[in-house]
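Input: a single structure, listed below in structure tokens.
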Amino acid sequence: MKSKKAANSLLKFALMAVIIIVLNVLGSFIYGKIDLTEDQRFTLNPATAELLAKLPNDTASVSIEILLDGEFPSDFRHLQNNLKDLMGLFKERSAGMLNYRFVNPLDGTEEEVKALQKQLAKQKIMPLQIKDARQGRMILVFPFAIVRSGYNFEVINMVELGDGYYQPSDISASINSLEYKFAAAIKKLQLKSKPVVAFINNHGELPLRHIYGFEKALSENYGTKHVDLSRLNQIDSSVSLVVVAKPKRKFSYDDQFKLDQYVMNGGRILWMIDALDMEDDSLGKANGIHVPMPRELDLQKLLFNYGVRVNNNLIASYDAAAFGGLRSGPNQKSNPKWFYYPLVKPFATPQERLETGKSVIDHPIVKNLDFVLTKYPSSIDTVGTKTNVKKTPLLRSSKYSKLQYPPTRIGFGVIDPAIGPEAFTKGSQNVAVLLEGEFESHFKNRLPPRAEEIWKKAGNYPIRMSSRPSKMIVISDGDIAYNNYHAPSQRHYPLGAGFLPDFGPKLFANQEFLLACVEYLTDDSGLVNLRNREIRLRPLDQKRAFDQESLWQFINLGLPLIILGLFGLLYYYLRRRRYTK
């Protein structure tokens, strides 16, 4: 009997051992986990996962060096811990083709540290000075990462400074953008050639000297060229994006047809259009007063067909930049507000606030965007289309806005700079709108006379009457991409340079907005949507945590030991009482 029980016990033990071994073997081949966090912080975006899974299996694998090793204050510990989690996910998804390590740039002898800092400075990696409340002193932090593949590398600045100097609240926005920044850097290193952005230049568009800042900013990630539509039979399919920046002359039917067929074949366009002929230079003529009239571009019907109407008016906004160098009156401060320079942001309408609970438009292009400077913009209306086109406003003037229609007199002496917001009663006005979907050709059932001849020369490509999935952005201000130029010194001023009323120079977010537009329009992978990711941090009250440090250490470390000791004494007492009876 005993031998039978022993045999059964041995059999059960052997069976359990076999099951455990089989599960371990299966576990080495099959891996899975469940992310139960509300914001899915331990789950990669599908676009990121696909990018990592497709890393080439060769010697040019990706290596990441993160200059954030060591002990830090709690806000940077949050960043450090999130980086460790993210890098673990990246390495797991890359099937061994990505490696990473954390480095402390302040480790080593004084000579070694100085040499390394000098080398990092050449790569524009400069330390951030922050206060460590625990140590009561300032410390240096290098919130940077270097992503390498083969002989190429990209430097990632992981901490975005909101106001030009560090605040602990900057960490939250920085953590939200980590996956996007690393994925974008890896994608860039894997590209064999840069996407091409083509600037149209045969309708009086912005000259090279005045679009220099935008083109230079693009050149880091894109190839650029300037094209004359009248000399082309069609826009080449290798062009990822067409830019139309402040045209002043009419578009011929032939040029409209070429742009239309480019869109029909999946091409993307960034439109920057002035509806009225209003320029700063106009204010220096005829006693400083100008009556702007509509520009005859012949693009209104084309854009209307795609889903927007750029109105023949001017937006005046109480929330505006200044016209540099002016004074509001005798003995008054310089740089008074110029209401025709609206400062625009992704303001949400009251209805949108009710629906989303947010005061700004929720879109990756305008995520965390600061004010953008515009000059003499017009309002944009969205209109119905025969095909399914999604229309998303990106920029609006503030709720203190009004509209002026031609003929209207514009001049420094016409409008009182002292008027208050109560005079601006038309609410927020659209200044930039994103259109996405399948567009219907503007030339459906009415081809221009030379269409077939043009297309035959282009190689007999079929003329399309409806588009492949495409997208475009329409901005009602050509000067949004304009940079000033000082001819005597041949100096280009930064894109977005302007003046705040009664203060002084300010660099607005024009460049950031335009680059985000280009990235969104040229991206088909979905990586750009990571800009909208939001990981919520729930930071401790730093002052309370510091003041009550001893109490919380006791609660977390001492109290459990005391409870365990009391439980042991109670168990001993009850056991002794039971057996003494």
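Derivation of every value follows stated rules applied to the coordinates shown; laboratory data play no part. Remember, it's a predicted structure, so these values are computed and weren't measured experimentally. Cβ atoms come from the backbone with ideal geometry, glycine included; neighbour counts cover every protein chain shown.
Could you grab the relative contact order for the chain? Cα pairs under 8 Å, six or more apart, rounded to a whole percent.
Computed over the chain, the figure is 14 percent.
Return the percentage of antiparallel bridges among DSSP beta bridges fully within the chain, rounded to the nearest 5 %.
The antiparallel proportion sits near 70 percent.
Where does each of E549, E179, E438 land when they are ranked from fewest to most other beta-carbon atoms within 10 angstrom?
Result, fewest neighbours first: E549, E438, E179.
What order do you get for L11, L297 when you list them from fewest to most C-beta neighbours inside 10 Å?
Starting with the residue having the fewest Cβ neighbours, the order is L11, L297.
What is the log10 of I(q)/I(0) for the stretch 47-127, computed with the Debye formula using one identical point scatterer on each Cα and no solvent, at q = 0.16 Å⁻¹?
So the normalised log intensities are -0.77.
Checking the table K54/K367; K386/K444; K345/K367; K246/K301; K188/K367 against a 19 Å threshold on Cα-Cα, which pairs fail? Provide the component values of the computation, followed by the final result.
Numbers: K54/K367 28 Å; K386/K444 12 Å; K345/K367 10 Å; K246/K301 17 Å; K188/K367 21 Å.
Correct reply: K54/K367; K188/K367.
Only counting other Cβ atoms within 10 Å, I'd like S63, S398 sorted with the fewest neighbours first.
Arranged by neighbour count, lowest to highest, S63, S398 become S63, S398.
Check the straight Cα-Cα distances from K114 and name the aspartates and glutamates below 17 Å, setting aside those fewer than 8 residues away within the same chain.
Correct list for K114: empty, as no aspartates and glutamates qualify.
How much of the DSSP bridge set in the stretch 235-526 is antiparallel, in percent, rounded to the nearest 5?
80 percent
List the equivalent ellipsoid semi-axes of the stretch 46-190 in whole Å, largest first, each obtained as the square root of 5λ for an eigenvalue λ of the Cα gyration tensor.
27, 18, 13
For the chain, restrict the atom set to alpha-carbon positions and state the Rg and Dmax in Å.
31.0, 119
Taking the DSSP beta bridges in the stretch 46-190 as the whole, what percent of them are antiparallel, to the nearest 5?
75 percent
Counting other C-beta atoms within 10 Å, and keeping those with at most 10, which DSSP coil chymotrypsin sites (Phe, Trp or Tyr not before Pro) do you find in the stretch 139-244?
Here the sparse-neighbourhood loop sites are Y151, Y165.
With the Cα gyration tensor of the stretch 235-526 giving a ≥ b ≥ c as the square roots of its eigenvalues, does the rule (a/c under 1.5 for rounded; else a/b larger than b/c for prolate; else oblate) give rounded, prolate or oblate?
Values: a/c = 1.92, a/b = 1.62, b/c = 1.18.
Because a/c hits 1.5 or more and a/b exceeds b/c, the stretch 235-526 counts as prolate.
Suppose every Lys and Arg Cβ carries +1 and every Asp and Glu Cβ carries -1, with no other charges. What dipole size does the chain come out with about its Cα centre, to the nearest 20 debye? Intermediate values should be presented prior to the final figure.
Details: 76 positive and 60 negative charges, 433 e Å.
With Lys and Arg at +1 and Asp and Glu at -1, about 2080 debye.
Students often get this wrong: which residues of the stretch 463-493 have the backbone nitrogen under 17 Å from the point 7 angstrom along Cα-to-C-beta of Y212?
Zone members listed by number: 481-493.
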